[in-house]
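Student: Before I ask anything, here is the structure I am working with.
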Amino acid sequence: MDRFQWSSGIYLVGEQIITSQNGIRLYDGETKTCFDYGDLTLTSHRLEWKNPRDSSSISLNLMLIIYVEERTVSIGKSPQVILHLHPPSQNQQPGPVQRSPNSYVKLSFKEGGKTNFYECLHSALNRKLWEQFTPQTGPVKPPVVKTRTGIVGIERTLQERQKETTKNISKAFEDLNKLMEMARDMVLLSKTISTKIREKQGDISEDETIKFKSYLLSLGIDDPVTRGTHGTGASFHRELARELSSFVEQPLKDVGGVMALTDVYCRVNRARGFELLSPDRKSVV
């Protein structure tokens, strides 16, 4: 553990994030440390362990790793990866442990993801990208090459997607509510215009007045009966029946007094706009 140093979280120029895994416990040799259940990020230059509770982090330069190996554990125990390390350098930066008798550390994967992380780490050690860039510090955000997380990470991603979907649906319904309000205003306006036209029948023939009124009123029902406005049970069905009988009265007269139930259903739902009725509800009424 004396090869780890405190990290500021600032990446180097050319440093790339390769993968990350949460739920990682660090061991100094075979000794369990206080660095438990953190987020471990592998970059092209180092390993960085971060405490999700207080955001403190430590890092290990990949150049200090001699080789890595997987450890087979018994059933019920977390899979592990062992990092065999070079001795610390003379200009080693301060870290959480000043001196350690162990020449290796263990990574315990409490949330799974060991196989993928091991493969990525093995590949990064072979590529040695840290040798291709001159160390330069600065607040540079590295390009993300590939990120895989365990079950907890997948759940977080799904939760974020669900929040975004809920937000989009809420916004869509806000637009629909505005459109419904505009539709009611249009129906009220049509009634006002038809009333004024009827009052001035001297300038417009009665047939034209009636025809124009029918066109305007066909826009819809201005205040449809809903459970939100008239409650539930007998009161709702009584008011809905009154609305339907009032609406179909004139169409029934126009067709001779007989109309198919399917025609009534289509006309009423077209007039109600977004406050649609189900066929079962229409039959009950």
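The values are calculated or read from the model by the stated rules, or taken from the named source; none is laboratory data. Just so it is clear, the structure is predicted and the values come from calculations on it, not from any experiment. Don't worry about glycine lacking a Cβ; one is built from the backbone with ideal geometry, like all the others, and counts go over all protein chains shown. Note: areas computed on protein heavy atoms with side chains; ligands, DNA, RNA excluded. Shrake-Rupley method; radii C 1.70, N 1.55, O 1.52, S 1.80 Å.
Student: Phe4 fails exactly one of the following numbered conditions: (1) open to solvent by 60 Å² or more (accessible area, probe 1.4 Å); (2) aromatic (Phe, Trp, Tyr); (3) over 31 Å from the mean Cα position of the chain (by Cα). What is the number of that condition?
Tutor: Here Phe4 meets the rest and fails (1).
Student: So, Thr19, is that one under 14 Å from Ala124 (Cα atoms), hydroxyl-bearing (Ser, Thr, Tyr) and in contact with an Asp or Glu (Cβ under 6 Å, 6 or more places away or on another chain) or not?
Tutor: no
Student: Only residues that are assigned to a loop (DSSP other than H, G, I, E, B) and of a type in the set (Phe, Trp, Tyr): list them for the range 23-39, please.
Tutor: Answer for the range 23-39, where residues must be assigned to a loop (DSSP other than H, G, I, E, B) and of a type in the set (Phe, Trp, Tyr): Phe35, Tyr37.
Student: Let me ask something else. Just for the range 95-117: of the residues that are of a type in the set (Lys, Arg) and in contact with a Ser or Thr (Cβ under 9 Å, 6 or more places away or on another chain), which one is farthest from Asp39 (Cα to Cα)?
Tutor: Lys114
Student: Hey, another quick one. Take the residues in the range 40-62 that are part of a loop (DSSP other than H, G, I, E, B) and at negative phi, then tell me which one is most open to solvent (accessible area, probe 1.4 Å).
Tutor: Of everything passing the filter in the range 40-62, Arg53 is most open to solvent (accessible area, probe 1.4 Å).
Student: Also, I was wondering about something else. I want to confirm something. Restricting to the range 129-157 and keeping residues that are more than 30 Å from Thr31 (Cβ to Cβ) and among the hydrophobic types (A, V, I, L, M, F, W, C), which single residue is modelled with the highest pLDDT?
Tutor: Ranking the qualifying residues of the range 129-157, first place goes to Leu129.
Student: Let me ask you something else. Which ranges mark the strands (runs of 3 or more DSSP E) fully within the range 63-128 that have 3 or more residues being open to solvent by less than 40 Å² (accessible area, probe 1.4 Å) and either at pLDDT 90 or above or within 22 Å of Trp6 (Cα to Cα) (or both)?
Tutor: Because the criterion is at least 3 residues that are open to solvent by less than 40 Å² (accessible area, probe 1.4 Å) and either at pLDDT 90 or above or within 22 Å of Trp6 (Cα to Cα) (or both), the strands (runs of 3 or more DSSP E) in the range 63-128 that meet it are 80-85, 104-109.
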